[in-house]
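Everything on this sheet refers to the single structure shown next.
The numbers here are math on the coordinates, done by the rules we state, and not lab data. Everything numeric in this text was worked out from a predicted model, so none of it was measured. Neighbour counts are summed over all protein chains in view; Cβ atoms, including those assigned to glycine, are modelled from backbone coordinates with ideal geometry.
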Amino acid sequence: MPGRPRLESTSAEKGAHRMDSGWTSYFFWSTVAGVVGLAISAIFAGIYRMQRALFLVPYVTVVGCFLYGYVQFVHLDVGNLLSRNWLWGVITALLVGFFMVRNVLSQPGSPRSRGPRLFLDFVWFGIIYGAIDALFLSVFPVLLTWQAFPELVNTTVGQAGAALLALAASEFITLAYHAGYPEFRNFSLVQPAIGNGIITLAYVLSRNPISAVGSHMAMHMAAVWHGPDKTIQLPPHYRK
């Protein structure tokens, strides 16, 4: 009697399956992130026109839950992620942060808060807002790409391809999120796309999230110091 057919998949079939699931994960999570970002800015800034301090409550809460859910879903080792190449992350954060701060200071300034209120603005608008922006718009799309296509990091060509995919996901999420703000529904949408693209690239090159989080926080803190009412890095702004 003939033997039973073998059901094991070949290595090529397994590789193709991993690539298919990688693309599925990449597009699924990118799309969900884009929808989440667009919904938050369109609803709470576009419709309800919440002031910045109040707007950050739903933004930080929803995006924080989304990022926590992704970390749990992929079983990400956050400690290992932060410790790997940490020195390059710090150096890159300082270099990129310097240029981000210079860009902020080149814009028209406006009055800033004083005393305890200024300290609270630094914490709420600078540290927390800057960190959640960096994690959502830069760190998440890069991690998503590396998680979806782990085989690409083994070759120079593959690493270049992964970098392009990571930048594409970052730009998509950035554009979707900022498009919900009334102030960015025109050509000015290019400005956050360029700035955040540079920050994302810093993370891709350093391979440590400190580069993105540190530089983004520095940019937001500079915007607080220079005046939140006119610096584009601290939306939302509303025409009076």
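Points worth noting:
- Options VAL78, VAL157: the member that is surrounded by fewer than 12 Cβ atoms within 10 Å (Cβ to Cβ) and either touching a strand residue (DSSP E or B) at 6+ places or on another chain (Cβ under 8 Å) or closer than 21 Å to SER215 by Cβ (or both): VAL78
- Number of positions in the stretch 109-125 that are exposed (fewer than 11 other Cβ atoms within 10 Å of the Cβ) and in a loop (DSSP other than H, G, I, E, B): 3
- Of all the residues in the stretch 19-38, those that are of a type in the set (Ser, Thr, Tyr) and surrounded by fewer than 17 Cβ atoms within 10 Å (Cβ to Cβ) number 3.
- Against the criterion of being over 21 Å from LEU87 (Cα atoms) and touching a Lys or Arg at 6+ places or on another chain (Cβ under 9 Å), PRO141 does not qualify.
- Of the criteria (1) in contact with a His (Cβ under 9 Å, 6 or more places away or on another chain); (2) buried (at least 23 other Cβ atoms within 10 Å of the Cβ), which one VAL224 fails: (1)
- Top-ranked residue of the stretch 64-75 - restricted to ones that are aliphatic (A, V, I, L, M) and in contact (Cβ under 8 Å) with a residue 60 or more places away in the chain, ranked as surrounded by the most Cβ atoms within 10 Å (Cβ to Cβ): LEU67
- Some residue of the stretch 60-69 being within 17 Å of PRO141 (Cβ to Cβ) and among the aromatic types (Phe, Trp, Tyr): yes
- The set of residues from the stretch 177-192 being farther than 12 Å from ILE232 by Cβ and part of a helix (DSSP H, G or I) comprises TYR177, ALA179, PRO182, PHE187.
- Residues of the stretch 73-108 satisfying the condition of being among the hydroxyl-bearing types (Ser, Thr, Tyr), part of a helix (DSSP H, G or I) and out of contact with any helix residue (DSSP H, G or I) (no Cβ under 9 Å at 6 or more places or on another chain): SER83
- Among (1) more than 25 Å from PHE122 (Cα to Cα); (2) of a type outside the set (A, V, I, L, M); (3) not in a helix (DSSP H, G or I), the one test that GLY22 misses: (3)
- Some residue of the stretch 208-217 being part of a loop (DSSP other than H, G, I, E, B), touching a residue at least 60 places away in the same chain (Cβ under 8 Å) and within 21 Å of LEU38 (Cα to Cα): no
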